[in-house]
1. Could you state the number of Å between the C-alpha centres of the range 488-504 and the range 143-170?
2. Rounded to the nearest angstrom and ordered from largest down, what semi-axes does the equivalent ellipsoid of the range 259-360 get from its C-alpha gyration tensor (root of 5λ)?
3. Measure nothing fancy, just the Cα-based angle from helix 650-663's long axis to the longest principal axis of the chain, in degrees from 0 to 90, nearest 10.
4. Calculate how large, on average over all directions, the projected area of the Cα convex hull of the range 1-109 is; give the answer in nm² to one decimal.
5. Stretched out fully, how many nm does the piece from E237 to K622 gain, at 0.36 nm a residue minus the Cα gap?
6. Rounded to the nearest 10 degrees, what's the angle between the helix 144-163 long axis and the longest principal axis of the chain, both from Cα atoms, 0 to 90?
7. Compute, for the chain, the length of the dipole vector about the Cα centre, with Cβ point charges of +1 (Lys, Arg) and -1 (Asp, Glu) only. Units Debye, rounded to 20.
8. Tell me what the chain gives for mean residue ellipticity at 222 nm when only DSSP H runs of n ≥ 4 count, each as -39,500 (n - 2.57), the sum divided by the residue total, rounded to 500 deg cm²/dmol.
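Nothing in this text is a laboratory measurement; each read-out follows from the coordinates by a stated rule. A quick note: this is a predicted structure, and the numbers were derived from the prediction, not measured. Here the Cβ positions follow ideal geometry from the backbone for every residue, glycine too, while neighbour counts run over all protein chains shown.
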Amino acid sequence: MSRKILDPLSIKRMEIKNRISFGPMLGQPFGPNGEVTDDTIGWFVERAKGEVGLAITGTVYPCMDEELIQKFAGPFSPALRLKDEQHIQGCKKLVDAVHRYGMKIGPQIGMAGLIRNASPSPYPKNSIMSVFFGADIPVSEVTLEEMDQLKKDFAECAKKVKLSGFDCLELHCAHGNVNLLAGFISPFSNRRTDQYGGTWKNQLRYPMEIIEAIRKSVGNEFPIFVRISADELLGPEGITLDDTLKYVVPMLEDAGVDCIDVSMGSQTHNPNNIPTVYVPRGHYIYLASKIKQVTRLPVIGVGRILDLKMAEKFLDGDMVDIICLGRQLIADPETPKKYFEDRPEDIRKCICDSPSPPTHPGTCTALCTVNPTPPIMGACDSVIPAKKAKSVLVVGGGVAGMEAARISALRGHNVILMEKEGRLGGHVDILANNPLNFEFRNIIEYLTAQMHKLSVNVRVCKTVTATDIKTINPDIVILATGSTMAIPKAVREKPYAITHIDALQNINAIGQNVVIQGLGYGSELAIFLAETGRKVTLFGKGKEIAVNLPATRKLAVLKRLTESEDLARGNGEIPITDKSNPTVLTEITLKDMSPRTIVVMDKSDNEKHLAYDTFVVSMGRKSNDELYLELKNSISETYRIGDANKVGEIFEAMKAANEIGRQI
């Protein structure tokens, strides 16, 4: 039986060899003037080697006027440019490089919306800028003169796209008024009273004019894709799926586009176009599927698709024509290749941790938790063999220890890994017991499989001592002994307090009335326990909740734990069974506790008594560095990584482990 995922697809003159595309990612490598560099080429070649059929670059600004770019884009700088002959020649090299591996490629061209400075907004919902920075998205009407100039720029840019040898282009019309054309389409952001606002025909008029200008530049046989937000997830105030089916798709067809790339969300107000770990896999494919039912055009679907078995089901069910992968192809650029070769255990799945700054939340193009190899995030098993094989002892079987063992073994070293518990994975594996963080187990499953495949000598249920290490007498010792959760002095010796990790290891022993201390990761635990039907109170001394979570996760938690009507909510949010549960208390300190009552104090020194069945402490961690301090002067090559060196996030542990493995 044929597999549709492997079937070629023709769109105008372009034939794509399979049904997997690499989505347009903000922040791929580029030069200081927006030119293609060796890293740019390497970035896309890695995905081409991984058997990706089609790649769309991150957004290329068509505008030639640098002052106008600054006016519209502000702090959001462009990536690749197509401004002059230097840019065209660089793009030709890029196209030639990926064509050697059979991958087609096209740029996404689009213009930023009006994002600059802080000013009041008439919008009924807070933007992500106001949530994180206290600023808002300013409102300033684009002039007709600016629109006319930009239309010419789009047409000229499209001409250069074709001259550069690209196979297609994609017009970016998605993700809210962070994008100029999406801002025109959406009633949420388009408040114009001229011929470009007030009705769906008027709101779509300018994007249609841009498409017409592009078509004149590239001719009838050059494929034009359009990326849209099928649902802005803003309710009736924004673009809804019904609006897209009734107005947007028919007008795009009439305009003569060749493929519809279906996204969702509004980057400024509900950025679920970068779905968090809390969103089920494939959750947004229903949007593409609905569009597929009303159009003759090929449709691209996207949204937390990590498993190509799932992709095959969507394709075989005629729900989409192409599956778009984004962050998964950063986590492992060889995902399709390994899947086609029946090696799913070798695929390093994304965990949606998104360790990126709030200004570009979830982009993952500078940092990837599970593939910490910038700037091109290459193949996970690409290493330089060691000049001399050495004996390496890794103490600790968490993510840091396993990653160090993996890289060391790949380089040809003889590796022993010893772990005191009866299982591998450390705290990360335990955190995955919370359904909100279930994807964390992806990296544990991958690394555990690699220990077996690389013949790492794994020994569990062994607390390693300095004497043990001297007996083994390795050339190199890597200590990845992790951390221990901190307990406040007020409850340190009391048997009725447990840690966040204890709670996740013994979920069924947790009572029905739970008090959690710690507003950071404790917020995720509080949500999980509340959704199991337990009554939960979360408290801490800070003013804010979830401050240590990555930006997109923080926003999702804020939506779940606050009653503010100023935050946009839509499909893909964390479930809310009971809005009043958990109860969240900020600026509260722990004073004392008894077997059934917590005594806390607010900033005005008022006491409050909180009854509980289970008291959980989620207050940070302390490095387990005792063995390192004992050993550091007795074995010349002794390293400590992960929490044993400095308490941090998964990304930091993986990065340090990967670097040590490549160094020794």
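1. 61
2. Its equivalent ellipsoid spans semi-axes of 22, 21, 10 Å.
3. 80
4. With every direction weighted equally, the projected area is 7.6 nm².
5. 133.8 nm is the gain from fully extending E237 to K622.
6. 80
7. In debye, rounded to 20, the chain gives about 1180.
8. It comes out at -9000 deg cm²/dmol, rounded to the nearest 500.
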